[in-house]
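Below is one structure, written out as structure tokens, with a few remarks after it.
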Amino acid sequence: MIQTAWLIPIFPLVAMAAIVLFTHRHRALSAGISIAAVSLSFLWGWSVAVSVWGDPTVHRMSFDWLNLGESMYIPIGIQIDGLTGMMLVVVTTVALMVQIYSLGYMRDDPRYSRYYAYLSLFTMAMLTLVLADNFFLMFVSWELVGLASYLLIGFWFEKQSAADAGKKAFITTRLGDLGFILGLLLLYTGCGTLTFQGVFSAVDSHVLSGGLLTIAGLCLFAGAVGKSAQVPLHVWLPDAMEGPTPVSALIHAATMVVAGVYLVARSMSIFLAADRAAMVVAWIGIITSVMAASIGLVQNDIKRVLAYSTVSQLGYMIMALGLGGFTAGTFHLMTHAFFKALLFLGAGSVIHAVHTNDIREMGGLHAKMKTTSITFLIAALAIAGVFPLSGFWSKDEIVAATLGHPIFTVLTLAVAFMTAFYMFRLYFLTFTGKPRDQHKFDHAHESPKTMTVPLQILAVLSVVSGWIGLPWLEHGFSSVVFHEHPHHPEFHVVWAFIAALVGLSGIGLAYMMYYKGSIDPERVRARATGLYTTLLNKYYFDEAYSVLFVRPYYTMCRGWFWFDQHAIDGAVNGLGRVSVAWSVFNRWFDETFVDGAVNGVGWLTRGFGAIVRHLQTGRVQNYAFIVFAALVVLWLLQ
Amino acid sequence: MMSGLLSWMIFLPLIGAGVIMALPKDNHRGIRAVATVAAFLPLVLAILLLAGYDPSTAAFQFQENAAWIPALNVNYHLGVDGLSVPMLALTALLCFLACLISYNITNRVKEYFAFYLLLEAGMLGVFAALDFFLFYVFWEVMLVPMYFLIGIWGGPRREYAAIKFFLYTLFGSIFMLVAILALYFTSTPHTLSITDQIARAPGMTHGFQMFAFVFFFIAFAIKIPTLPFHTWLPDAHVEAPTAVSVLLAGVLLKMGTYGLLRISLPMFPMATKYFAWPMAALGVAGIVYGAFVCMAQKDLKKLVAYSSVSHMGYCLLGIAAYGSVAALTGCMFQMVSHGLITGALFILVGVIYDRAHTREIDAYGGMWVKVPVYSGIMVLFVLGSLGLPGLSGFVSEFMVFLGAFPYFKITVAVGVVGVLLTAAYFLRMIQKMFLGTVAGQTEHLSDINAREMIAVAPLAVMMIVLGVYPALLADYIKATIVNLVKVIGA
């Protein structure tokens, strides 16, 4: 299987091409091709992962893509190790679940075939991203997943907000990608190669200076900040919820947004060697995590709560990586992918039933949709870190990674508390209590099997996926994913207990406020209006960016265009006018003076001739008179 | 046939023009048919050229050399290397496709196609000539038909645009002519052979190199165009009929960068080194400035026109890094890629202009609902233009960046920002025209027809193929560039 691992992204690529070129008029056929392709990728991906786990050899295959000699030699290929195996499992599993789920969710959409073409494009690019054996191919697929994200966020592009959100996502992430490109340039200039193997061995043998390595690390991280929606480039992800909900689950929760986390994890050698860059990573991660979790506390759009939750959890992973917890970060990446995808698909199921995103119009839905409710609850328990669900194990590792950095530990626990709180606020407001919109409640119904079965499968994974990371397992997660750098944080019973307690207290508070009603949310809100408004407005990031960057940029561009037309082209036209004026003047000068002089000479000659002519009369007596007069004059002069 | 291949390539369009002159002027079908054949045959020859060219060597191939004006030592000398082969192929391809797009010309059809074919002959000649006299003749031959094509078949401000283009280019040509004469009179024996002049380059004084470089640069900078000589471009592109815009952007702009690679770099290496940073700075300034100005455009065609200013900046940046095979190859790659992409964009602009008679971006909305095939193709080319990986534009930008970065770190870093700015103005355009609900002129649109599809499909295929596997093109260029770098002696 490993020899043919390159086929894994080829299946969806073929599916996309087939749909675009041939079957786009046949809805069911298009969906069938797409799902068949991703199923093949799923089978291949899992079998590759299983065979690579417990086998420390790294498999590589590549060919010369472009060889211009020393100044640019880029072989591209795939590399399979434990980390790639894990990513293959995550991506193919969630992609398959989402594609099946979409059969039901998108059933009535007129652009059904196109939707599956885009999903296939995304799956292809994402699988290439995790299989790549070099930074270049990774960047290529990194941009392609960005394209798929752009197309899918704006899938319902008739809506202005969806079109805006797609554009915002593309441009914001591309801002981070500028850093990624510079990182590539620095690494190539420094190491003469972009293959992971080449770059990391150069880093390990100190070919690059410390300063350069720090800059290169930060540049790569800038790409991760964009893609994984970290502060200050996080603003696109909540808006990305304009896309269809299965897309949010696949791209904006489980796979694409963790590409940044994967990039940092993959570049472990660089961040281990550049500890200042690593500290920046850690700080950005925790700031993002705290900020996003706090915003999540007050949002009323079911998908936005989940979006901020995603941003916050990504911050967790990034922070863990920055603090050297590579196992912790990647482990949480995996468990989070399953329970967050489940949460989104559950939210999608709810939206499908009640046709609104606003939790203030929901309530009591457990009675109507039991499967959705129960699976959602499992996911919520998992993300809250309740024993023995997957989130418990991965969150514990993250807390363990912060040990020795007290500020990080405290903030991590604070985030854990907020996470548990907003997640159960969401659960209680959606599924329990009395319906707040009776009309919507009456029309609510459980979703079809195509949607609930993926929920159930993901629910199982949300429970058990943490178990491969059980601390006392001899060949657990940490040993299968990072063979080259085994990393065994020990199981801290005390910290595990504290973290679990923090999570439970968050759940407890949500229970009292939104289930029992023993604490009135309105009163809490009234006592902290300023904070509440700030959180509701997401710390005013969008407004600030609009005032500081977006509008000034438009104005500046118009200014440059004015400059172009009036200054540069003005100079050209001015030069033209000056030459014309000069010609006109020349013509006048020519006609008046040059020609005037010529004509003047003629005129003078004629005039003189006219006068002198009188002398030559041809009469002898006149001549005789002149001769005589001359003699008289001469005589007088004497 | 193979021996005279280049001559046939150049003169077949001329023969076609002659035949058209002999046809009755009302026989539009006949004229179009002759023009299409006359534009198609050079394309066939170009394919034979690609097949017969040996990319492993930098030596000139398919050479033809005959005494022309022996008294002045002027020769009819043609030949191709890795710089000219891709450009000849691109020119032949675009000329054929743009000819198909010209079918909607209904006014003075006979003159149009005669001028069109004359223009093609001139363009092909420039890329094949190895003698300065011949080079200059072809260079000027292009000007005249271009002047009339814009001035007669252009938009409302066609006369202004045509005169501006003509005078601006002529202004540059004069500098080039002076430099050519200087090269001629300083050589012993007097020669106009480009190869001989390159061979004697090491003997030129520093001062002479500087003078000649600057004079040639003025001519080439106007053609590329670089800041601040670029303002003829938006006027000419916008006013020109669609097919002519395609050739202007796709081929004529490349004459400037081609000239720099063919003449300036190998002939004046000392001056090249001296002016490397200013060229890089001009290139990057063009990239960024062009992108700024694009953001403020309301006319779609003008947007595409200004995007050329930005995209040709990558070429100049690549040339400035004269010591890097990657950067110079990237420049060549960008010339081809920009020709494919921008050529297609101009064709696509023409498609909607033909139907709705406006190019105002704000006059459209929701086109993706109304004309999905057209929209999909347009968006594909826009993605190519904004440097999406997997398409050819990305490859060339990356080559240039990677090659130039070791030489001009900060300058290149500024240039990288162009990648973001390009995305900004193109996505804004996509949003306004293609997304949202059907609005304005979109109502009157019908989707792309078969003839238009035939004109853009080859460009799309090549954009994708070269983006996925660039070695196909890079292999043609590589040996010549390696040799060029050696000649410059970096």
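Miscellaneous remarks
- 31 Å tail of the calculated P(r), the range B:275-490, as % of Cα pairs: 23
- Value of Rg to Rh for the protein assembly as shown, rounded to two decimals, is 1.11; Kirkwood radius and Rg both from alpha-carbon coordinates.
- Chain A: relative contact order in percent, alpha carbon pairs under 8 Å with at least 6 residues between: 12
- Diffusion constant of the range A:110-236 at 20 °C, which comes from Stokes-Einstein with the Kirkwood Cα-pair radius and 1.002 mPa s, µm²/s: 137
- Listed by chain and number, the lysines whose alpha-carbon sits under 24 Å from that of B:Lys223, ignoring those within fewer than 8 places in the same chain, are B:Lys164, B:Lys254, B:Lys273, B:Lys301, B:Lys302.
- Evaluated at q = 0.09, 0.11 Å⁻¹, a Debye calculation over the C-alpha positions of chain B (equal weights, vacuum) places log10 I(q)/I(0) at -0.56, -0.85.
- Cα-based Rg and Dmax for chain A, where Dmax is the largest Cα-Cα distance (Å): 37.8, 151
- Extending 7 Å from Cα along the Cβ direction at A:Gln621 and again at B:Asn449 yields two label points whose distance is 9.9 nm.
- Here the label points at B:Thr57 and B:Lys298, each 7 Å from Cα along the C-beta direction, are separated by 5.9 nm in the simple model.
- Cα long-axis angle, helix B:132-153 against chain B (0 to 90 degrees, to the nearest 10): 20
- For chain B, averaging the sequence separation of C-alpha pairs within contact (under 8 Å, six or more residues apart) and dividing by the residue count gives a relative contact order of 16 percent.
- Gained length - A:Leu29 relative to A:Asn537, 0.36 nm times residue gap less alpha-carbon distance: 178.5 nm
- Listed by chain and number, the aspartates and glutamates whose C-alpha is less than 15 Å from the C-alpha of A:Lys303, apart from same-chain residues fewer than 8 away, are A:Asp239, A:Glu242, A:Asp358, A:Glu361.
- Taking trypsin sites (Lys or Arg not before Pro) in DSSP loop states with no more than 13 other Cβ atoms inside 10 Å as exposed sites, chain A has its longest site-free stretch at A:26-618.
- Neighbourhood net charge (11 Å Cβ-Cβ; Lys/Arg +1, Asp/Glu -1) for A:Phe387: 0
- Value of D in µm² per second that Stokes-Einstein yields for the range A:23-76, Kirkwood Rh from Cα pairs, at 4 °C (1.567 mPa s): 87
- Using bins of 5 Å that start at zero, the share of Cα-Cα pairs per bin across the range B:181-263 amounts to 3, 13, 20, 19, 14, 11, 9, 7, 3, 0, in whole %.
- Partner aspartates and glutamates whose Cα lies under 20 Å from the Cα of B:Lys25, excluding those fewer than 8 positions away in the same chain, are identified as B:Glu111.
- Listed pairs A:Lys167/B:Lys298; A:Lys440/B:Lys432; A:Lys159/A:Lys434 exceeding 29 Å between Cα atoms: A:Lys440/B:Lys432; A:Lys159/A:Lys434
- The angle separating the long axis of helix A:302-322 from the principal Cα axis of greatest extent in chain A is about 90 degrees.
- With 5 Å bins from 0: P(r) over the range A:301-365, alpha-carbon pairs, percent: 4, 17, 23, 18, 13, 10, 8, 6, 2
- Ratio Rg/Rh, restricted to the range B:241-288 and using Cα atoms, in which Rh is the Kirkwood radius: 1.11
- With N as its number of residues, the range B:134-178 has a Cα radius of gyration that, divided by 2.2 N^0.38 Å, comes to 1.21.
- With distances taken between every two different alpha-carbon atoms, the range B:11-57 has a Kirkwood hydrodynamic radius of 11.9 Å.
- Across the range A:2-150, the convex hull enclosing all Cα atoms gives 109 Å³ per residue.
- Helix-only arithmetic for chain A: the sum of -39500 (n - 2.57) across DSSP H runs with n ≥ 4, divided by the residue total, places the mean residue ellipticity at 222 nm at -23000 deg cm²/dmol.
- Viscosity 0.692 mPa s, 37 °C: Kirkwood-radius Stokes-Einstein D of the range B:16-154 over Cα pairs, µm²/s: 205
- Area projected by the alpha carbon convex hull of the range A:314-423, averaged over all directions, nm²: 7.1
- The range B:77-144: radius of gyration over Cα atoms, expressed as a fraction of 2.2 N^0.38 Å: 1.21
- Label-point separation, B:Trp68 to A:Lys449 (7 Å along Cα→Cβ), nm: 8.0
- Placing unit charges on the Cβ atoms of the charged side chains and taking the dipole of chain B about its Cα centre, the candidate lying farthest along the positive direction among B:Gly283, B:Tyr322, B:Met335 is B:Gly283.
- Against the main long axis of the alpha-carbon atoms of chain A, helix A:620-637 sits at an angle near 90°.
- Computed over the range B:113-155, Cα set: Rg, Dmax in Å: 11.0, 37
All of the numbers you see were taken from the coordinates with simple rules; none came from a lab. Everything quoted here is computed from the prediction, not taken from an experiment. Here the Cβ is made from the backbone with ideal geometry for all residues, glycine too, and neighbour counts use every protein chain on show.
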